1. Got a sec? Which of ARG43, ARG9, ARG25, ARG21 is within 23 Å of LYS102 (Cα to Cα) and open to solvent by 90 Å² or more (accessible area, probe 1.4 Å)?
2. Quick check, is LEU59 open to solvent by less than 60 Å² (accessible area, probe 1.4 Å) and touching a residue at least 40 places away in the same chain (Cβ under 8 Å)?
Amino acid sequence: MAGLLKALRLLGDENRLRLLRLLSREELSVAELQEILAMGQSRISMALSQLRQAGLVDLRRVGQKSLYRFTGDATVAGVLARATEEIAGAREDDEALRLVLKKRKDRIRSYFDELAGRFGRDYVPGRSWQGLSEMLIRLLPPMRIADIGAGEGTLSLLLAQRA
């Protein structure tokens, strides 16, 4: 952490305290902070830059996203805990954080649900191996085939060529 006086000056601003409180609970992007705090992007970015220079927050890049997290020491964490009672919008910030995290979780879930749906549609067992199966089936001698009604019948159709 930078000098004590610089840190104290930074902690003297309620908006920076609000940012630090949120980042001490969860790693967040600037867009998520905007949604929670209802502040402009430039104002949040400026405050994050100052906090980062003081060593109170850290930046982590994940693809195109930049995520910020609290890196202050126990003393700063104690100040944040005490300041919570004095910050007018602390409860609203906490509720907005909860909603943003729920949205994040829902977005992740819907992404994986969509991916699973595509996987089931495009990579159904039997189709992804269809080319290899057709080649191997040509090597088999004629045989009796019984379809027991499991699956889509793709394998039975391929085997029917050798029946």
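The values are calculated or read from the model by the stated rules, or taken from the named source; none is laboratory data. Note that this is a predicted model, so its numbers are computed, not measured. All Cβ positions, glycine included, derive from the backbone under ideal geometry; neighbour counts span all protein chains shown. Surface accessibility is based on the protein's heavy atoms, side chains included, excluding ligands, DNA and RNA. Shrake-Rupley method; radii C 1.70, N 1.55, O 1.52, S 1.80 Å.
1. One residue alone meets the criteria, ARG25.
2. no
To keep it simple, each residue is scored yes or no on (1) in contact with a Pro (Cβ under 9 Å, 6 or more places away or on another chain); (2) modelled with pLDDT of 75 or more; (3) in a helix (DSSP H, G or I).
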site	(1), (2), (3)
ALA81	no, yes, yes
GLU85	no, yes, no
LEU97	no, yes, yes
ARG104	no, yes, yes
PHE112	no, yes, yes
GLY120	no, no, yes
ARG127	no, no, no
LEU132	no, no, yes
ALA146	no, no, no
